[in-house]
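Engineer: The structure's right below; bear with me while I get my questions together.
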Amino acid sequence: MDPMQTSIAHTDLLGSRPTFIPPLGIARTMARQALDQANALDLTTVNSFTVAREFGGVCEPLRQVLDALDAQDGRHA
């Protein structure tokens, strides 16, 4: 089996979403850390690949926070 298919953040090409939803407190902490790292970038000196990597690094924790909030509210996104 392809190792990517067993990873937490794996998605297929049909647009399904990752299924891992951390507890809200953990998701918030991860999102804050990712945002702090992205905000610490010096945009005058980094290349576009670094900016894209950091943007992706913020998107996943944000998704997890929103999914955790939905789970806490009893909604299924």
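The values are calculated or read from the model by the stated rules, or taken from the named source; none is laboratory data. Keep in mind it's a predicted model, so treat the numbers as computed, not measured. No Cβ is skipped: glycine too gets one built from the backbone with ideal geometry, and neighbour counts run over all protein chains shown. Side chains included, ligands, DNA and RNA excluded: accessible areas come from the protein's heavy atoms. Shrake-Rupley method; radii C 1.70, N 1.55, O 1.52, S 1.80 Å.
Engineer: Is the stretch 8-16 home to any residue that is open to solvent by 70 Å² or more (accessible area, probe 1.4 Å) and either modelled with pLDDT of 70 or more or assigned to a helix (DSSP H, G or I) (or both)?
Structural biologist: No, the stretch 8-16 contains no residue that is open to solvent by 70 Å² or more (accessible area, probe 1.4 Å) and either modelled with pLDDT of 70 or more or assigned to a helix (DSSP H, G or I) (or both).
Engineer: So, one more: Within the stretch 27-59, count every residue that is surrounded by 10 or more Cβ atoms within 10 Å (Cβ to Cβ), in contact with a helix residue (DSSP H, G or I) (Cβ under 8 Å, 6 or more places away or on another chain) and not basic (K, R).
Structural biologist: 13
Engineer: Could you tell me which residue of the stretch 22-61 is modelled with the lowest pLDDT, considering only residues that are in a loop (DSSP other than H, G, I, E, B) and polar (S, T, N, Q)? First the steps, then the outcome.
Structural biologist: We begin by selecting, within the stretch 22-61, every residue in a loop (DSSP other than H, G, I, E, B); these are 22-23, 40-47.
Adding the requirement that they be polar (S, T, N, Q) leaves 44-45, 47.
Working: T44: 86, T45: 89, N47: 91.
Checked the stretch 22-61; the qualifying residue modelled with the lowest pLDDT is T44.
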